Amino acid sequence: MTKVLLLHGINLNMFGKRDPSKYGTVTLTEIDAQMMALGKELGVEVVPFQTNLEGEICERVHQAVRDREDAIVINAGAWTHYSYALGDALEIFKGPIAEVHMSNVHAREEFRHKSVFSRVVMGQISGFGVDSYLLGLRAVVSALRAGEQK
């Protein structure tokens, strides 16, 4: 079965408690459940992983390469804007990658306007809350079905 790795970065385990005006009240568990339900509908397995440790998320990407997982949907949180190490790890992965964000990062602080992953992802979806994740999943599945790589 096609596997899509769902990566959640730093502080995202605090969804539901962290600034509801920007992120809403949905929890990470609820996001994972919605993603797995959509995955089932689309005929893919969604494999969620969250960590607050940068090295762990890089190791999980390396594992995805070794295990030949098919695609990645990632919300790396603040790492998006400065983790060249994670960007380098993502570059090793050859399947489609969608970068997603709950809030509109371009309407926030200046440092959030730049993604150091933009060179290695298919695209970025931001500002639609949980729908950013769901749209990201639809995008990578569509790319897989079209035979596209990143």
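The values are calculated or read from the model by the stated rules, or taken from the named source; none is laboratory data. Small disclaimer: the values here were computed from a predicted structure and weren't measured. Cβ: placed from backbone, ideal geometry, glycine included. Neighbour counts: every protein chain shown.
Observations on the structure shown:
- If the condition is being under 20 Å from A139 (Cβ atoms) and in contact with a helix residue (DSSP H, G or I) (Cβ under 7 Å, 6 or more places away or on another chain), then the range 27-39 contributes I31, Q34, M35, L38, G39.
- Residues within the range 29-53 that are in contact with a strand residue (DSSP E or B) (Cβ under 6 Å, 6 or more places away or on another chain) and among the aliphatic types (A, V, I, L, M), tallied: 5
- Failed criterion for I74 (all others in (1) part of a helix (DSSP H, G or I); (2) β-branched (V, I, T); (3) within 17 Å of L144 (Cβ to Cβ) hold): (1)
- Just so you know, in the range 54-85 the residues that are touching a residue at least 60 places away in the same chain (Cβ under 8 Å), touching a strand residue (DSSP E or B) at 6+ places or on another chain (Cβ under 9 Å) and not charged (D, E, K, R) include one that is surrounded by the most Cβ atoms within 10 Å (Cβ to Cβ), and it is V73.
- Test: A89 is crowded, with 21+ Cβ neighbours inside 10 Å, more than 19 Å from I125 (Cα to Cα), aliphatic (A, V, I, L, M) and out of contact with any strand residue (DSSP E or B) (no Cβ under 8 Å at 6 or more places or on another chain): yes
- Matching residues, the range 100-150, being of a type in the set (S, T, N, Q) and either over 13 Å from the mean Cα position of the chain (by Cα) or crowded, with 16+ Cβ neighbours inside 10 Å (or both): S103, N104, S115, Q124, S126, S132, S142, Q149
- Test: residue in the range 106-125 that is modelled with pLDDT of 95 or more and closer than 20 Å to D19 by Cβ: yes
- For L86, the criteria (1) outside any helix (DSSP H, G or I); (2) closer than 17 Å to H101 by Cβ hold in every case but one, which is (1).
- Counted residues, the range 24-52 - those being in contact with an Asp or Glu (Cβ under 9 Å, 6 or more places away or on another chain) and in a helix (DSSP H, G or I): 2
- Of all residues making up the range 3-53, the number that are crowded, with 17+ Cβ neighbours inside 10 Å, more than 14 Å from the chain's Cα centre (by Cα) and acidic (D, E): 0
- Odd one out for T25, checked against (1) without any contact (Cβ under 8 Å) to a residue 60 or more places away in the chain; (2) more than 21 Å from L135 (Cα to Cα): (2)
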